[in-house]
1. With unit charges on the beta carbons (Lys and Arg positive, Asp and Glu negative) and the dipole taken about the Cα centre of the chain, which residue among Y290, F113, S135 sits farthest to the positive side?
2. What's the magnitude of the charge dipole for the chain around its Cα centre, counting Lys and Arg as +1 and Asp and Glu as -1 at the beta-carbon? Answer in Debye, nearest 20.
3. Gap in Å between the Cα centre of region 128-160 and the Cα centre of region 232-260?
4. For region 128-225, with only Lys/Arg (+1) and Asp/Glu (-1) charged at the beta-carbon, what is the dipole magnitude about the Cα centre, in debye rounded to 20?
5. For the pair V60 and V153, how long in nm is the line joining their label points, each one 7 Å along Cα→Cβ?
6. Accessible area per residue, 1.4 Å probe, Å², for the chain: what's the number?
7. Pop a pseudo-label 7 angstrom from the Cα along the beta-carbon direction at both D221 and R129 and give the gap in nm to one decimal.
8. Placing +1 on the Cβ of each Lys and Arg and -1 on the Cβ of each Asp and Glu in the chain, which of V144, Y241, M75 has its Cα farthest towards the positive end of the resulting dipole?
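The values are calculated or read from the model by the stated rules, or taken from the named source; none is laboratory data. Because the structure is a prediction, the values reported are computed rather than measured. No Cβ is skipped: glycine too gets one built from the backbone with ideal geometry, and neighbour counts run over all protein chains shown. Just the protein is used for accessible areas: all its heavy atoms, side chains included, with ligands, DNA and RNA removed. Shrake-Rupley method; radii C 1.70, N 1.55, O 1.52, S 1.80 Å.
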Amino acid sequence: MDVKVLQVFVAIVDTGSMSQAAARLDMTRSNVSRRIKQLEKDLRVQLLRRTTRKVEPTQVGWSFYEHADRITREMAALESTVEDMGKTLKGHIRVSVPIGLGQMVLGDMLLEFCDAHPGVTLQLTFSNRVQDLVSEDIDVAIRVVPAPPERYVSRELARLDWVVCASPRYIAAKGAPYHHKELPEHDFLALPAGSHRVFLNLVRDRHQYAIELEPKLQCVDMQFLKRGAIAGHGIAILPYYLVREEMKSGALRRVLPDYDADPDVWGRRLCLLTAPNLYPTRAVRVLTDYLQSQFAKGGAAEALMRSVARSGAPSG
(Lines give C-alpha, C1' and ligand atoms only; values in the text may rest on other atoms or scores of the structure.)
Protein backbone atom coordinates (compact mmCIF):
# COMPACT_ATOMS: atom_id res chain seq x y z
CA MET A 1 0.00 0.00 0.00
CA ASP A 2 1.31 3.44 -0.95
CA VAL A 3 2.34 5.47 2.09
CA LYS A 4 1.22 8.61 0.27
CA VAL A 5 -2.41 7.50 0.33
CA LEU A 6 -2.10 6.90 4.07
CA GLN A 7 -0.82 10.46 4.47
CA VAL A 8 -3.83 11.68 2.49
CA PHE A 9 -6.25 9.74 4.69
CA VAL A 10 -4.61 10.96 7.92
CA ALA A 11 -4.70 14.57 6.68
CA ILE A 12 -8.43 14.31 5.92
CA VAL A 13 -9.22 12.96 9.38
CA ASP A 14 -6.99 15.53 11.09
CA THR A 15 -8.53 18.50 9.26
CA GLY A 16 -12.06 17.16 8.77
CA SER A 17 -12.01 18.40 5.19
CA MET A 18 -10.73 17.19 1.84
CA SER A 19 -10.03 20.76 0.78
CA GLN A 20 -7.92 21.47 3.86
CA ALA A 21 -6.15 18.14 3.50
CA ALA A 22 -5.35 19.03 -0.11
CA ALA A 23 -3.95 22.40 0.99
CA ARG A 24 -1.82 20.75 3.68
CA LEU A 25 -0.37 18.23 1.22
CA ASP A 26 -0.09 20.71 -1.67
CA MET A 27 -2.42 18.61 -3.82
CA THR A 28 -5.64 19.29 -5.70
CA ARG A 29 -8.91 18.39 -4.04
CA SER A 30 -9.81 16.12 -6.96
CA ASN A 31 -6.55 14.20 -6.52
CA VAL A 32 -7.27 13.74 -2.80
CA SER A 33 -10.81 12.54 -3.51
CA ARG A 34 -9.61 10.15 -6.21
CA ARG A 35 -6.99 8.58 -3.94
CA ILE A 36 -9.49 8.00 -1.14
CA LYS A 37 -12.07 6.47 -3.46
CA GLN A 38 -9.44 4.10 -4.80
CA LEU A 39 -8.33 3.22 -1.26
CA GLU A 40 -11.90 2.38 -0.23
CA LYS A 41 -12.33 0.35 -3.41
CA ASP A 42 -9.13 -1.62 -2.79
CA LEU A 43 -10.08 -2.33 0.85
CA ARG A 44 -13.78 -2.89 0.01
CA VAL A 45 -14.88 -0.82 3.00
CA GLN A 46 -16.18 2.68 3.58
CA LEU A 47 -13.57 4.61 5.57
CA LEU A 48 -15.09 8.09 5.47
CA ARG A 49 -18.59 9.44 5.95
CA ARG A 50 -19.25 12.64 4.01
CA THR A 51 -21.77 15.16 5.35
CA THR A 52 -22.66 18.65 4.20
CA ARG A 53 -20.41 20.16 6.87
CA LYS A 54 -17.41 17.86 7.20
CA VAL A 55 -15.82 14.52 6.49
CA GLU A 56 -15.50 12.07 9.39
CA PRO A 57 -14.30 8.46 9.71
CA THR A 58 -16.64 5.51 9.98
CA GLN A 59 -16.07 3.03 12.80
CA VAL A 60 -13.76 1.06 10.52
CA GLY A 61 -12.18 4.33 9.43
CA TRP A 62 -11.19 5.19 12.99
CA SER A 63 -9.42 1.87 13.41
CA PHE A 64 -7.69 2.34 10.07
CA TYR A 65 -6.70 5.89 11.09
CA GLU A 66 -4.89 4.69 14.23
CA HIS A 67 -2.66 2.39 12.18
CA ALA A 68 -2.22 4.86 9.32
CA ASP A 69 -1.28 7.66 11.68
CA ARG A 70 1.35 5.51 13.39
CA ILE A 71 2.81 4.37 10.07
CA THR A 72 3.06 7.89 8.65
CA ARG A 73 4.73 9.15 11.84
CA GLU A 74 7.21 6.30 11.76
CA MET A 75 7.98 7.07 8.12
CA ALA A 76 8.54 10.72 9.04
CA ALA A 77 10.90 9.59 11.81
CA LEU A 78 12.75 7.38 9.35
CA GLU A 79 13.13 10.24 6.90
CA SER A 80 14.31 12.46 9.74
CA THR A 81 16.91 9.85 10.76
CA VAL A 82 18.23 9.74 7.21
CA GLU A 83 18.24 13.53 7.14
CA ASP A 84 20.26 13.61 10.37
CA MET A 85 23.06 11.84 8.55
CA GLY A 86 23.58 14.92 6.38
CA LYS A 87 25.43 18.01 7.47
CA THR A 88 22.75 20.54 6.54
CA LEU A 89 19.54 20.87 8.49
CA LYS A 90 16.57 20.88 6.13
CA GLY A 91 12.82 21.01 6.51
CA HIS A 92 9.73 23.21 6.53
CA ILE A 93 8.32 24.49 9.84
CA ARG A 94 4.98 26.22 10.35
CA VAL A 95 5.24 28.60 13.31
CA SER A 96 2.60 30.76 14.99
CA VAL A 97 3.54 33.54 17.43
CA PRO A 98 1.65 36.30 19.29
CA ILE A 99 1.28 39.54 17.35
CA GLY A 100 3.06 42.03 19.62
CA LEU A 101 5.60 39.66 21.14
CA GLY A 102 6.31 38.17 17.74
CA GLN A 103 7.11 41.55 16.23
CA MET A 104 9.17 42.86 19.14
CA VAL A 105 11.02 39.81 20.46
CA LEU A 106 10.44 36.51 18.71
CA GLY A 107 10.79 37.84 15.18
CA ASP A 108 14.49 38.60 15.61
CA MET A 109 15.09 35.17 17.16
CA LEU A 110 13.43 33.43 14.23
CA LEU A 111 15.40 35.49 11.71
CA GLU A 112 18.62 34.49 13.50
CA PHE A 113 17.49 30.87 13.30
CA CYS A 114 16.98 31.26 9.55
CA ASP A 115 20.48 32.71 9.20
CA ALA A 116 21.94 29.77 11.12
CA HIS A 117 19.98 27.15 9.14
CA PRO A 118 19.58 28.25 5.51
CA GLY A 119 18.22 24.84 4.55
CA VAL A 120 15.11 25.35 6.72
CA THR A 121 12.06 27.24 5.48
CA LEU A 122 9.65 28.91 7.92
CA GLN A 123 6.00 29.76 7.43
CA LEU A 124 5.25 32.34 10.12
CA THR A 125 1.83 33.57 11.20
CA PHE A 126 0.99 36.18 13.84
CA SER A 127 -2.00 35.39 16.04
CA ASN A 128 -3.01 35.69 19.69
CA ARG A 129 -5.51 32.84 19.45
CA VAL A 130 -4.65 29.35 20.72
CA GLN A 131 -5.40 27.39 17.57
CA ASP A 132 -5.99 23.72 17.00
CA LEU A 133 -2.43 22.92 15.99
CA VAL A 134 -3.36 19.72 14.16
CA SER A 135 -6.28 20.95 12.06
CA GLU A 136 -4.53 24.24 11.24
CA ASP A 137 -1.30 22.43 10.42
CA ILE A 138 0.96 24.31 12.87
CA ASP A 139 4.19 22.68 14.02
CA VAL A 140 5.19 25.13 16.75
CA ALA A 141 3.12 27.80 18.51
CA ILE A 142 4.17 30.28 21.16
CA ARG A 143 1.41 31.69 23.30
CA VAL A 144 0.78 33.65 26.49
CA VAL A 145 -1.64 31.52 28.52
CA PRO A 146 -2.96 31.35 32.10
CA ALA A 147 -2.04 27.65 32.24
CA PRO A 148 -0.52 25.23 29.73
CA PRO A 149 -3.21 23.62 27.52
CA GLU A 150 -3.50 19.96 28.46
CA ARG A 151 -3.98 18.73 24.90
CA TYR A 152 -0.54 19.95 23.80
CA VAL A 153 3.06 19.42 24.80
CA SER A 154 3.95 22.64 26.62
CA ARG A 155 7.32 24.10 27.57
CA GLU A 156 7.33 27.28 29.62
CA LEU A 157 9.77 29.83 28.23
CA ALA A 158 9.27 32.80 30.57
CA ARG A 159 6.85 34.67 32.81
CA LEU A 160 5.37 37.94 31.57
CA ASP A 161 4.85 40.98 33.75
CA TRP A 162 1.78 43.14 33.17
CA VAL A 163 1.71 46.87 33.90
CA VAL A 164 -1.24 49.11 34.73
CA CYS A 165 -0.24 52.39 33.14
CA ALA A 166 -1.48 55.72 31.81
CA SER A 167 -0.07 58.76 30.08
CA PRO A 168 0.73 62.06 31.85
CA ARG A 169 -2.03 63.61 29.70
CA TYR A 170 -4.67 61.25 31.12
CA ILE A 171 -3.39 61.62 34.69
CA ALA A 172 -3.47 65.42 34.41
CA ALA A 173 -7.05 65.33 33.11
CA LYS A 174 -8.61 62.66 35.31
CA GLY A 175 -6.09 61.87 38.01
CA ALA A 176 -4.53 58.55 38.93
CA PRO A 177 -6.18 55.89 41.12
CA TYR A 178 -4.38 55.17 44.38
CA HIS A 179 -6.65 52.35 45.56
CA HIS A 180 -8.00 49.36 43.65
CA LYS A 181 -11.59 50.41 44.37
CA GLU A 182 -11.05 53.59 42.34
CA LEU A 183 -10.12 51.76 39.14
CA PRO A 184 -13.71 51.10 37.90
CA GLU A 185 -14.30 54.87 37.92
CA HIS A 186 -11.66 55.38 35.23
CA ASP A 187 -11.57 54.81 31.48
CA PHE A 188 -9.91 51.45 30.87
CA LEU A 189 -8.21 49.93 27.80
CA ALA A 190 -7.72 46.18 27.59
CA LEU A 191 -7.58 43.04 25.49
CA PRO A 192 -10.94 41.35 24.80
CA ALA A 193 -11.96 38.76 27.36
CA GLY A 194 -14.95 37.12 25.70
CA SER A 195 -17.45 39.76 26.81
CA HIS A 196 -17.70 43.51 27.28
CA ARG A 197 -16.39 43.12 30.84
CA VAL A 198 -13.00 41.98 32.06
CA PHE A 199 -11.88 40.69 35.43
CA LEU A 200 -8.54 41.81 36.77
CA ASN A 201 -6.71 40.49 39.81
CA LEU A 202 -4.56 42.97 41.69
CA VAL A 203 -2.19 41.80 44.42
CA ARG A 204 -0.85 43.94 47.26
CA ASP A 205 0.88 42.73 50.42
CA ARG A 206 -0.09 39.15 49.55
CA HIS A 207 -3.76 40.11 49.41
CA GLN A 208 -5.64 39.58 46.16
CA TYR A 209 -8.38 41.86 44.93
CA ALA A 210 -10.69 40.89 42.06
CA ILE A 211 -11.84 43.90 40.05
CA GLU A 212 -14.62 43.84 37.45
CA LEU A 213 -14.17 46.46 34.75
CA GLU A 214 -16.08 47.61 31.70
CA PRO A 215 -13.38 48.83 29.31
CA LYS A 216 -13.83 51.93 27.20
CA LEU A 217 -11.82 50.22 24.47
CA GLN A 218 -11.03 46.56 23.78
CA CYS A 219 -8.74 45.41 20.98
CA VAL A 220 -6.63 42.33 20.20
CA ASP A 221 -3.87 44.59 18.83
CA MET A 222 -1.88 45.65 21.88
CA GLN A 223 0.11 48.15 19.83
CA PHE A 224 -3.17 49.97 19.19
CA LEU A 225 -4.03 49.86 22.90
CA LYS A 226 -0.63 51.35 23.68
CA ARG A 227 -1.27 54.16 21.20
CA GLY A 228 -4.59 54.81 22.87
CA ALA A 229 -2.98 54.94 26.31
CA ILE A 230 -0.22 57.31 25.14
CA ALA A 231 -2.87 59.57 23.54
CA GLY A 232 -4.66 59.81 26.90
CA HIS A 233 -7.74 57.70 26.19
CA GLY A 234 -7.53 55.74 29.42
CA ILE A 235 -5.62 53.48 31.78
CA ALA A 236 -4.30 50.36 30.10
CA ILE A 237 -3.02 47.01 31.27
CA LEU A 238 -0.23 45.92 28.96
CA PRO A 239 2.74 43.52 29.08
CA TYR A 240 5.92 45.20 30.28
CA TYR A 241 7.93 44.28 27.19
CA LEU A 242 5.51 46.36 25.10
CA VAL A 243 5.73 49.55 27.18
CA ARG A 244 9.30 49.24 28.45
CA GLU A 245 10.67 52.15 26.42
CA GLU A 246 7.62 54.33 27.05
CA MET A 247 7.98 53.77 30.80
CA LYS A 248 11.60 54.86 30.62
CA SER A 249 10.86 57.95 28.52
CA GLY A 250 7.87 59.00 30.62
CA ALA A 251 5.35 58.68 27.79
CA LEU A 252 3.56 56.22 30.07
CA ARG A 253 3.58 56.02 33.84
CA ARG A 254 2.72 53.18 36.12
CA VAL A 255 -0.45 53.68 38.16
CA LEU A 256 -1.35 51.74 41.29
CA PRO A 257 2.40 51.17 41.89
CA ASP A 258 1.74 49.30 45.15
CA TYR A 259 -0.18 46.59 43.27
CA ASP A 260 0.95 43.77 41.00
CA ALA A 261 -1.35 42.96 38.11
CA ASP A 262 -2.27 39.31 37.64
CA PRO A 263 -4.63 38.99 34.65
CA ASP A 264 -5.85 35.39 34.88
CA VAL A 265 -7.97 35.80 31.77
CA TRP A 266 -4.92 36.54 29.56
CA GLY A 267 -2.19 34.84 31.53
CA ARG A 268 1.47 35.46 32.22
CA ARG A 269 3.03 32.17 31.11
CA LEU A 270 4.87 32.31 27.80
CA CYS A 271 4.69 28.74 26.53
CA LEU A 272 6.02 26.88 23.53
CA LEU A 273 3.31 24.50 22.30
CA THR A 274 3.56 21.49 20.01
CA ALA A 275 1.07 18.76 19.21
CA PRO A 276 1.76 15.38 20.86
CA ASN A 277 4.09 13.65 18.43
CA LEU A 278 6.50 10.82 19.11
CA TYR A 279 8.30 11.58 15.86
CA PRO A 280 8.87 15.32 15.40
CA THR A 281 11.11 16.22 12.49
CA ARG A 282 14.68 17.15 13.19
CA ALA A 283 14.00 20.73 12.06
CA VAL A 284 11.18 21.10 14.62
CA ARG A 285 13.37 19.60 17.37
CA VAL A 286 16.23 21.97 16.59
CA LEU A 287 13.91 25.01 16.52
CA THR A 288 12.26 24.18 19.85
CA ASP A 289 15.65 23.56 21.46
CA TYR A 290 16.93 26.85 20.04
CA LEU A 291 13.99 28.87 21.39
CA GLN A 292 14.27 27.30 24.83
CA SER A 293 18.01 28.03 24.95
CA GLN A 294 17.46 31.67 23.96
CA PHE A 295 15.17 32.26 26.92
CA ALA A 296 17.24 30.13 29.28
CA LYS A 297 20.44 32.07 28.72
CA GLY A 298 18.79 35.48 29.19
CA GLY A 299 19.97 38.41 27.16
CA ALA A 300 17.62 40.76 25.34
CA ALA A 301 14.61 38.46 25.57
CA GLU A 302 14.92 38.12 29.33
CA ALA A 303 15.29 41.88 29.71
CA LEU A 304 11.97 42.35 27.94
CA MET A 305 10.29 39.87 30.28
CA ARG A 306 11.84 41.24 33.45
CA SER A 307 9.44 42.58 36.06
CA VAL A 308 9.00 46.32 36.52
CA ALA A 309 10.22 46.15 40.08
CA ARG A 310 13.51 44.49 39.10
CA SER A 311 14.01 46.57 35.98
CA GLY A 312 14.08 49.89 37.74
CA ALA A 313 11.46 51.37 35.44
CA PRO A 314 9.81 54.52 36.79
CA SER A 315 6.49 54.00 38.50
CA GLY A 316 5.19 57.48 37.77
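1. Projecting each Cα onto the dipole axis, the largest value belongs to S135.
2. On the way: 42 positive and 37 negative charges, 96 e Å.
I would put it at about 460 debye.
3. The two parts, judged by their Cα centres, are 27 Å apart.
4. Details: 12 positive and 14 negative charges, 77 e Å.
Dipole about the Cα centre, nearest 20: 360 debye.
5. 3.4 nm
6. Numbers: 16630 Å² over 316 residues.
I get 53 Å² per residue for this part.
7. Roughly 1.7 nm, to one decimal.
8. Positive-end residue among those listed: M75.
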